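Inspection log for the structure reproduced underneath, given as structure tokens.
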Amino acid sequence: MFDFAPDPAQPKDQIYRELVESAVALTHGEPDGLANMANLAALIWQYVPRLNWAGFYRAIGDELVLGPFIGKPACIRIPFGTGVCGAAAASRATQQVPDVHLFPGHIACDAQSRSELVVPVLRDGKVVAVIDLDSPEPERFDAADAAGIEALAGAIAALI
Ligand code: SME
């Protein structure tokens, strides 16, 4: 099996560089997007601490549909423009939410979630999915987390 063992003492940008390298290695030569998303959700879970949910929503028509993830069962369909995920998909921009209770329309899939980071995955300029990370800690995500997950989204956009 694959045992990726990030050193939590490393600077965040180094951890994310390794996450992206591991993601590229893990998906190399595998054309099945569903399998790749499943492994990538598990990989994010290994590399990014203090999360209670990590995974994918896929853009299908004008809504997001639940994809592979780690965490509690979640809502299945989210219209573009609704909630944090829908805002990321509609705006094609990363949503970094320090306190989900203050985000209008936030969809509480897990009542423990306090902060959230959602990054759109773009292929040829179109949103094909979003990567969603939830944390039970308020203000868990900073600019380094956003940049790291954006780098991941760019690296795997053609593979999911
Ligand atoms: N909180 C998200 C919904 C997805 S769950 O967090 C897994 C949102 O507001 O879009």
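The values are calculated or read from the model by the stated rules, or taken from the named source; none is laboratory data. Here the structure is a predicted model, which means the values were calculated and not measured. Backbone-built Cβ (ideal geometry, glycine too); neighbour counts: all protein chains shown. Side chains are part of the model used for accessible areas, which takes the heavy atoms of the whole protein and leaves out ligands, DNA and RNA. Shrake-Rupley method; radii C 1.70, N 1.55, O 1.52, S 1.80 Å.
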Per-residue [θ]222 nm for the chain (sum of -39500 (n - 2.57) over DSSP H runs n ≥ 4, rounded to 500): -11000 deg cm²/dmol
Accessible surface of the chain [probe 1.4 Å, protein heavy atoms]: carbon and sulfur percent: 56
Pairwise centroid distance, computed over Cα atoms, of region 4-28 with region 73-90, Å: 27
Spacing of the two label points (7 Å from each Cα toward its C-beta) at ALA144 and ARG123, in nm: 3.2
Relative contact order computed over the chain (Cα-Cα under 8 Å; 6+ residues apart), in percent: 24
Per residue solvent-accessible surface (Å²) - region 47-149, probe of 1.4 Å: 44
Protection-proxy order for peptides 86-98, 104-116, each taking the mean of Cβ atoms within 10 Å per residue, highest first: 86-98, 104-116
